[in-house]
Amino acid sequence: MKLLEELRERAQAQYVPSWSFAAIYLRLGEMDKAFDWFEKAVDEREPLMLHCHVHPNYDPVRTHPRYKALLRKMNLEP
């Protein structure tokens with residue numbers, strides 16, 4: 001939670017990738033918030049999102065319906 005607060009403060013002065021917030025919420029088990037930030041990262045065309053269909057960090061969310069919708073949004077659906 002401390003890291004999340006630090007990112008929020010930093011985001012007021014400089015760009016912080018949305019993916020960073022999503023990754024923290026994912027590790028906290030807050031899936032809805034994580035997906036809100038993942039979707040924002042896709043909208044902002046963050047390059048790290050291009051690997052979401054193969055990177056092991058996304059393993060915990062692969063069965064979530066919002067994950068499949070995220071892949072469709074990026075034209076990465078298998």
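Scanning the stretch 45-78 for residues that are surrounded by 13 or more Cβ atoms within 10 Å (Cβ to Cβ) and part of a loop (DSSP other than H, G, I, E, B) yields Glu46, Cys52, His53, His64, Met74, Leu76.
In the stretch 22-44, how many residues are in a helix (DSSP H, G or I), open to solvent by 30 Å² or more (accessible area, probe 1.4 Å) and closer than 20 Å to Leu3 by Cα? Number satisfying all stated conditions: 8.
Going through (1) open to solvent by less than 80 Å² (accessible area, probe 1.4 Å); (2) in a helix (DSSP H, G or I); (3) of a type outside the set (Ser, Thr, Tyr) one by one, Val16 falls short only on (2). For the stretch 45-66, name all the residues that are over 23 Å from Glu6 (Cα atoms) and within 10 Å of the chain's Cα centre (by Cα). If the condition is that a residue be over 23 Å from Glu6 (Cα atoms) and within 10 Å of the chain's Cα centre (by Cα), then Cys52, Tyr58 are the ones that fit.
The values are calculated or read from the model by the stated rules, or taken from the named source; none is laboratory data. The shown structure was predicted, so the numbers you read here are calculated from the model rather than taken from an experiment. As a convention, Cβ positions derive from the backbone with ideal geometry for all residues, glycine included, and neighbour counts pool all protein chains shown. For the accessible areas, the whole protein counts, side chains as well, though only heavy atoms, and no ligand, DNA or RNA atoms are used. Shrake-Rupley method; radii C 1.70, N 1.55, O 1.52, S 1.80 Å.
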